[in-house]
1. So how many Å³ per residue does the convex hull of the Cα atoms of the chain work out to?
2. With unit charges on the beta carbon (Lys/Arg positive, Asp/Glu negative), name the residue among 153, 86, 10 whose Cα is farthest towards the positive pole of the charge dipole of the chain.
3. Subtract the Cα-Cα distance of residue 87 and residue 162 from 0.36 nm times their separation in residues, and report this length gain in nm to one decimal.
4. Once fully extended, how much extra length lies between residue 127 and residue 96, figured as 0.36 nm per residue of separation less the alpha-carbon to alpha-carbon distance?
5. With angles folded into 0 to 90 degrees, how steeply does helix 161-171 sit against the dominant principal axis of the chain? Use alpha carbons for both and round to 10.
6. Could you work out how far apart the two model spin labels at residue 134 and residue 26 are, taking each label as a point 7 Å from the Cα in the direction of the beta carbon, and quote it in nm?
7. Can you give the helix-only mean residue ellipticity at 222 nm for the chain, where every DSSP H stretch with n ≥ 4 adds -39500 (n - 2.57) and the sum goes over all residues, rounded to the nearest 500 deg cm²/dmol?
8. Taking 0.36 nm per intervening residue step and subtracting the Cα-Cα distance, what contour gain separates residue 141 from residue 111 on full extension?
Amino acid sequence: MTDTVRRAVCPGSYDPVTHGHLDVIARAAALHDEVVVAVLHNPAKAGTFSVQERIAFIERGVAERLGGADAAGATGSVRVRAFSGQLLVDVCRDLDASVIVKGLRGSTDFEYELPMALMNRHLTGIETVFIPGDPALAHVSSSLVKEVVRFGGDVTGLVPDEVRDALVDRLRADG
Ligand code: PNS
């Protein structure tokens, strides 16, 4: 037995969060004492949603999946925080997190993620753990969901309903 808290970081842009992300966050929470969902953003790049909106979508999505959020916006063992202008390894060090968790939808994700995992390990020794994404959501990404909404398609079931509605408002001229 050990008293050490096993804290994992689930990093990403989350612009916006999808059910694929929420599945990986929930499964990371089941494997670790604490999970910090790190919304990493570039202030010079205007995303579709503000960082505050992204955080709120994640917090409510996690609360829906894992139970109610407390006053500090924490849901059980999951917290959501925003970072910019920092290396992920420095975020992990500041948070005293010992592992990075990423979801893999397939081999293309693996090819994208492997050099980052190796670089992060090179920089501080931190390990990345890959969770296989739910095959039912293997086609779901924030960018694809946005494209589908922009041209009139329905993304119900791929993102939380409030995210779907916000996407329609934001991206569709008649939204
Ligand atoms: O959701 P995304 O866009 O695939 O997330 C990518 C992200 C934000 C996790 C990655 O770009 C990242 O870690 N950025 C932080 C800056 C950094 O540490 N870069 C070096 C990675 S080896």
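1. 128
2. 86
3. Values: separation 75, 0.36 × 75 = 27.00 nm, distance 3.08 nm.
Difference between extended and current length: 23.9 nm.
4. Numbers: separation 31, 0.36 × 31 = 11.16 nm, distance 1.31 nm.
Here the segment from residue 127 to residue 96 would lengthen by 9.8 nm.
5. It works out to around 60 degrees.
6. 0.5
7. Dividing the helical sum by the residues of the chain leaves -13500 deg cm²/dmol.
8. 9.2 nm
Each reported figure results from applying straightforward, stated rules to the coordinates on display, with no laboratory input. Everything numeric here is computed off the predicted structure, so don't read it as measured data. So basically every Cβ, Gly included, is an ideal-geometry build from the backbone, and we count neighbours across all protein chains shown.
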